[in-house]
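Engineer: This is the structure I have questions about; it appears just below.
The values are calculated or read from the model by the stated rules, or taken from the named source; none is laboratory data. Not measured: the values here are computed from a predicted model. Cβ placement follows ideal geometry from the backbone for every residue including glycine, while neighbour counts extend to all protein chains displayed.
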């Protein structure tokens with residue numbers, strides 16, 4: 001029995017996915033559970049497994065196609081079975097297609113290869129990628145017939161229309177012989193990051209405050225765990241400790257403007273729980289999974305969940321629901337030796353905390369000088385939502401709590 005395979009619905013906010021690579025081709029056999037193809041949302045790369053064993057009877061979309069979720073992508077079954085009945089939009093085409101003899105009798109004109117003479121009016125169904133390409137290439141979508149599901153105009157339709165008009169529509173620019181560069185199209189995730197960063201800097205009034213704190217206590221706590229002198233904790237990292245302190249500090253009423261979203265129409269949305277975004281560097285780009293209700297979880301739980309989320313981001317298994325809902329973000333670049341940076345707010349959040357590397361500093365003690373290990377903190381906040389005074393008080397409170405981490409932890413966890 002022929003079985004269609006759909007583009008999965010991976011989240012309520014995801015309407016389309018980009019089919020990135022076919023691992024099985026038409027005519028090949030596949031076993032249940034084998035990976036058929038990979039696809040990307042605007043946040044992650046995922047794999048689609050074969051729901052049944054069989055032969056790939058038909059493939060409806062090529063690589064890099066923008067496919068609406070819950071749309072048939074291919075068909076599995078036994079050789080000879082009918083796959084056309086599952087082709088997206090096939091029922092609509094059957095109803096409107098002319099009879100075969102009429103088609104055969106129709107004279108072929110040269111104009112058949114030019115832009116359609118009939119102009120579409122009203123709402124034009126086109127994918128976001130098709131609209132973007134049409135704008136770049138100067139193609140009028142009103143004169144294009146879509147080949148996507150339900151007649152939707154997709155990227156390949158725009159390419160075809162532009163090529164027919166003599167426009168240069170090559171998806172990847174050809175490198176001239178001997179050239180010392182290569183032009184490559186940005187990935188879906190990279191394009192999404194670019195749009196988000198641009199939107200953030202264009203819409204939010206961002207200002208960054210920085211300070212450093214004495215990391216002696218948290219370094220001693222970490223050393224005690226590793227040596228076995230401190231019991232009851234797993235592989236707690238410095239970042240886990242910072243997440244713990246930040247979540248508890250944000251939960252206080254006086255800091256609620258930093259644990260909030262600034263929405264349209266001048267609406268501030270304040271959250272009762274701290275849903276911590278944790279920036280993760282991956283091969284595909286920056287991803288920010290969310291640790292929900294971070295302020296209510298013990299240190300061990302924060303450590304376990306943060307590591308699990310980071311692993312999902314790096315191996316490509318993070319789902320869209322893992323990457324939304326954050327109310328505040330922490331971005332730690334300390335492992336790269338960064339001493340100071342200006343993190344960019346993940347709008348509509350109102351603030352983000354950057355964590356810097358450990359440096360050796362000097363301070364005056366009892367009339368003399370003493371060296372100590374210090375960590376820098378960089379708080380970027382939206383000045384439309386938060387003034388400098390409250391932002392500085394939050395940062396100052398973090399400093400005090402982190403410098404006295406051991407007693408802070410006992411107070412919070414009893």
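Engineer: Quickly run through segment 293-345 and pick out the residues that are out of contact with any helix residue (DSSP H, G or I) (no Cβ under 7 Å at 6 or more places or on another chain), under 20 Å from residue 203 (Cα atoms) and in contact (Cβ under 8 Å) with a residue 60 or more places away in the chain.
Structural biologist: 324, 327, 342, 343, listed by residue number.
Engineer: Which one of the conditions (1) under 29 Å from residue 406 (Cβ atoms); (2) in a strand (DSSP E or B) does residue 225 fail to meet, given that it meets all the rest?
Structural biologist: With respect to (1) under 29 Å from residue 406 (Cβ atoms); (2) in a strand (DSSP E or B), residue 225 is out only on (2).
Engineer: Anything in segment 197-207 that is surrounded by fewer than 17 Cβ atoms within 10 Å (Cβ to Cβ) and either in contact (Cβ under 8 Å) with a residue 24 or more places away in the chain or closer than 14 Å to residue 286 by Cα (or both)? List them, or say none.
Structural biologist: Let us first name the residues in segment 197-207 that are surrounded by fewer than 17 Cβ atoms within 10 Å (Cβ to Cβ), namely 197-199, 201-203, 205, 207.
Answer for segment 197-207, where residues must be surrounded by fewer than 17 Cβ atoms within 10 Å (Cβ to Cβ) and either in contact (Cβ under 8 Å) with a residue 24 or more places away in the chain or closer than 14 Å to residue 286 by Cα (or both): 197, 199, 201, 203, 205, 207.
Engineer: With respect to the numbered conditions (1) within 20 Å of residue 409 (Cα to Cα); (2) in contact (Cβ under 8 Å) with a residue 24 or more places away in the chain; (3) not in a strand (DSSP E or B), which one is the sole condition not fulfilled by residue 355?
Structural biologist: Every listed condition holds for residue 355 apart from (3).
Yes or no, residue by residue, for (1) in the same structural domain as residue 73 (by TED's automatic domain parsing); (2) modelled with pLDDT of 70 or more; (3) over 22 Å from residue 18 (Cβ atoms); (4) surrounded by 10 or more Cβ atoms within 10 Å (Cβ to Cβ):
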| residue | (1), (2), (3), (4) |
| --- | --- |
| 149 | no, no, no, yes |
| 158 | no, yes, no, yes |
| 173 | no, no, no, yes |
| 180 | no, yes, yes, no |
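Engineer: Still on this structure, please answer the following. If residue 395 satisfies all but one of (1) touching a helix residue (DSSP H, G or I) at 6+ places or on another chain (Cβ under 9 Å); (2) crowded, with 18+ Cβ neighbours inside 10 Å; (3) assigned to a helix (DSSP H, G or I), what's the number of the condition it fails?
Structural biologist: Unmet for residue 395, out of (1) touching a helix residue (DSSP H, G or I) at 6+ places or on another chain (Cβ under 9 Å); (2) crowded, with 18+ Cβ neighbours inside 10 Å; (3) assigned to a helix (DSSP H, G or I): (1).
Engineer: Can you name every one of the strands (runs of 3 or more DSSP E) wholly within segment 39-90 that holds 3 or more residues which are at pLDDT below 85 and more than 11 Å from residue 6 (Cβ to Cβ)?
Structural biologist: Output list is empty.
Engineer: Just a yes or no: is a residue in segment 292-311 under 30 Å from residue 8 (Cα atoms), at pLDDT 95 or above and not in a helix (DSSP H, G or I)?
Structural biologist: Yes, segment 292-311 contains a residue that is under 30 Å from residue 8 (Cα atoms), at pLDDT 95 or above and not in a helix (DSSP H, G or I).
Engineer: Testing residue 269 on (1) touching a strand residue (DSSP E or B) at 6+ places or on another chain (Cβ under 8 Å); (2) more than 18 Å from residue 380 (Cα to Cα); (3) not assigned by TED's automatic domain parsing to the domain that holds residue 363, one condition comes back false. Which one is that?
Structural biologist: (3)
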